[in-house]
Amino acid sequence: MTVFPSIAGPPAMDKVFQRFPRSVMPLLEYHDRVLRDWSPLTVAERELIAAYVSGLNACTYCHGAHVVAARAFGIASDLFESLMIDIESSAVEEKLKPILAYVGKLTRTPALITEADALAVYAAGWDEQALFDAVSVCGLFNLMNRIVEGSGIKANPLDADSAEMDARLARMGGVTDDPHIGEPSYSRLATLWGIAPPD
């Protein structure tokens, strides 16, 4: 699928971002803030939310990329298929289910979010910062899914061979001594992808 005729070959995130760098750098910085800065949610949990939201939106690229990332940060590989079918019967930790229900509803029917949805999150032991961080990850990936789909990017990172996947994970950075903080990844990717801030 060709959306931007000036981009040669199959559409890919690095090509699109190189072609349109003006808004990319602040977007990548926001990725780092939302996914890697300290949060009551671990880096793994935020990557799980990113994968879940992207799966709900049927965004193959983002779902695949963040399944890979969530696995790299310790989320069990066999969790994702059941999660996409039904949160309640999935093997997701019980405490996370109200947060995933919240972001699921926020993705599908945002105008129907109620106080009761928030109270379910608080009743599971999360605080306001955790809920806001979950909302932020959800909002970011609803945006990213539309950038990816609107740009015609259909590749699935889950289809990559193991060597390519190992290289991708090395570029994404890891967790620090605190599982709630991650090493910045997207600003590093901007450098690797050759995306420079516009003059």
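All of the numbers you see were taken from the coordinates with simple rules; none came from a lab. Here the structure is a predicted model, which means the values were calculated and not measured. All Cβ positions, glycine included, derive from the backbone under ideal geometry; neighbour counts span all protein chains shown.
Excluding residues on the same chain fewer than 8 positions from Lys105, give the lysines whose Cα lies under 21 Å from its Cα.
Answer for Lys105, where 21 Å is the Cα cut-off: Lys95, Lys97, listed by chain and number.
Note down the net charge around Ser6, summing +1 for each Lys or Arg and -1 for each Asp or Glu among other residues with Cβ under 11 Å from its Cβ.
Once positives and negatives cancel, what remains is +2.
What list of ³J(HN,Hα) values in whole Hz, one per residue of the range 106-118 in order, does the Karplus curve 6.51 cos²θ - 1.76 cosθ + 1.60 (θ = phi - 60°) give from phi, with Gly and Pro shown as x?
5, 6, 7, 9, x, 6, 9, 4, 10, 4, 4, 5, 5
Counting just the Cα atoms, what span does the range 1-83 cover along each of its three principal axes? Round to the nearest Å and put the largest first.
40, 28, 19
Taking the Cα atoms of the range 13-192 alone, what are Rg (to one decimal) and Dmax (as a whole number) in Å?
15.6, 46
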